[in-house]
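Pasting a structure here, questions to come.
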């Protein structure tokens, strides 16, 4: 995504959310710095870490109940970020 953003004309309607891994020391500061740099080209940039105790988004998604639908997982995920 970052390589696609460099050199492109800014899109005012585009929102970018960077997801940092929770398991790496300093990862959140790296995400914050990348988000800051992206705001030079794109006006709506934010960053987040995975919800709960997951080390990354994949870990969070795959450790949900198998009975939970993908749509429900997505909705819960978005609710935890707001």
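No lab work stands behind these numbers, since they all come straight from the coordinates. All of these numbers come straight from a predicted model, not from anything done at the bench. A quick note on method: Cβ atoms are made from the backbone with ideal geometry, for glycine too, and the neighbour counts reach across all protein chains shown.
Suppose R0 equals 22 Å. What FRET efficiency, 1/(1 + (r/R0)^6) with r the Cβ-Cβ distance, do residue 44 and residue 67 give to the nearest 0.05?
Step by step, r from the Cβ atoms, then E = 0.05.
For the pair residue 32 and residue 58, how long in nm is the line joining their label points, each one 7 Å along Cα→Cβ?
2.7 nm
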